[in-house]
Amino acid sequence: MAQRPVPIRVERSAGGVVVRPTDEGPFALVIRDPYRNWGLPKGHLEEGEEPHEAALREVSEETGLTDLRLGPELVTIDWYFRSQDAQVHKFTTFYLMDSDSGEPVPQLEEAITECVWVPLEDAPKKITYENAREVMKVAIQAVGERGKKPKSEVERG
């Protein structure tokens with residue numbers, strides 16, 4: 001008897017790598033998710049929402065930060081997982097974001113239990129998920145390239 005193919009559902013989400021300058025160098029924000037793993041804030045796109053809008057909304061909701069400035073798109077990652085009786089192919093677009101003020105507060109209703117700032121260069125070692133570590137490495141490169149631009153270019157974006 002032939003097996004019925006498992007339906008594939010596509011999901012889209014967006015998130016951010018939040019960077020904060022300090023006297024000790026740039027720091028990145030990482031969160032502890034419902035599975036007790038360290039990762040990056042992200043979430044589903046709502047109806048009619050663009051990825052960059054969802055990224056800002058989700059990062060703000062999951063971390064409590066309101067001083068967020070959207071930077072460039074970093075990368076889109078994808079992976080498969082099983083949810084009930086469907087195979088899910090999830091795509092998540094990440095953006096570089098800056099935040100100069102405010103203390104992060106985890107969104108406990110979504111089971112985000114911690115938000116911590118770590119030195120940007122150390123962030124990949126803190127992150128549990130391989131694909132999120134790769135996102136962080138792209139962010140580190142983007143921050144490094146941004147730091148090489150003349151100040152007038154950085155101010156213009």
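Counted by Cβ distance under 14 Å from SER83, the other residues give a net charge of +1, where Lys and Arg count +1 and Asp and Glu count -1.
Among the chymotrypsin sites (Phe, Trp or Tyr not before Pro) in the range 1-94, those located in a DSSP loop and surrounded by at most 16 other Cβ atoms within 10 Å of their own Cβ are TYR35. Report summary: the helix-based calculation at 222 nm, which adds -39500 (n - 2.57) for every DSSP H run with n ≥ 4 and divides by the residues of the chain, gives -8000 deg cm²/dmol. 3J(HN,Hα) along the range 5-11: x, 6, x, 10, 10, 9, 10 Hz, from the Karplus curve 6.51 cos²θ - 1.76 cosθ + 1.60 with θ = phi - 60°, whole Hz, x for Gly and Pro. For the range 17-33, putting each phi into the Karplus relation 6.51 cos²θ - 1.76 cosθ + 1.60 with θ = phi - 60° gives couplings of 9, 8, 10, 10, x, 9, 5, 8, x, x, 10, 10, 9, 10, 10, 9, 8 Hz, in residue order, rounded to whole numbers and with x for Gly and Pro. Could you point to the residue in VAL75, PRO51, GLY102 farthest towards the positive end of the chain's charge dipole, with +1 and -1 charges on the Cβ of Lys/Arg and Asp/Glu respectively? Sorting the options by dipole projection puts first VAL75. Note on the chain: Lys pairs 8 or more places apart or on different chains, Cα atoms under 20 Å apart, count 8. Dipole size of the range 1-101 about its Cα centre, with +1 on Lys/Arg Cβ and -1 on Asp/Glu Cβ: approximately 640 debye, rounded to the nearest 20. Calculated accessible area for the chain comes out at 59 Å² per residue, all protein chains present (probe 1.4 Å; ligands, DNA, RNA ignored).
The H on the amide N of TYR95, modeled in the peptide plane, is under 5 Å from the matching H of GLY15, GLY16, VAL17, LEU74, each at least 5 residues off or on a different chain. Across the range 70-86, computed HN-Hα scalar couplings (Karplus, 6.51 cos²θ - 1.76 cosθ + 1.60, θ = phi - 60°) run 6, x, x, 5, 8, 5, 10, 10, 9, 7, 10, 8, 9, 9, 6, 9, 10 Hz from first to last residue, x flagging Gly and Pro. Carbon-plus-sulfur accessible fraction, the range 58-157 (probe radius 1.4 Å, protein heavy atoms only): 50%. The tail of the calculated P(r) for the chain, taken as Cα-Cα distances beyond 29 Å, holds 19 percent of the pairs. Under 5 Å between amide hydrogens, built in the peptide plane, is the criterion, and for ILE112 it picks out GLN107 among residues at least 5 positions away or on other chains. Scanning residues 5 or more positions from GLU11 or on other chains, those with amide H under 5 Å from its amide H are HIS89, LYS90, PHE91, with H placed 1.01 Å from N in the peptide plane. Excluding VAL138 itself, calculate the net charge of residues whose Cβ lies under 12 Å from the Cβ of VAL138, where each Lys or Arg counts +1 and each Asp or Glu counts -1. Spelling it out: positives minus negatives among the neighbours equals -1. Among the trypsin sites (Lys or Arg not before Pro) in the range 1-97, those placed in a DSSP loop whose Cβ has at most 10 other Cβ atoms within 10 Å are ARG36. Under 1.5 on a/c is rounded, so check that first for the range 54-117, then, if it is not, pick prolate when a/b is larger than b/c and oblate when it is not; a ≥ b ≥ c are the square roots of the alpha carbon gyration tensor eigenvalues. Oblate is the answer for the range 54-117, as a/c is 1.5 or above yet b/c matches or exceeds a/b. Annotation: extensible slack from VAL6 through LYS125 equals 39.3 nm (criterion: 0.36 nm per residue apart, minus Cα-Cα distance).
The values are calculated or read from the model by the stated rules, or taken from the named source; none is laboratory data. These numbers were taken from a predicted model, which means no experiment stands behind them. Here Cβ is always computed from backbone atoms with ideal geometry, including for glycine, and neighbour counts include all displayed protein chains. Side chains included, ligands, DNA and RNA excluded: accessible areas come from the protein's heavy atoms. Shrake-Rupley method; radii C 1.70, N 1.55, O 1.52, S 1.80 Å.
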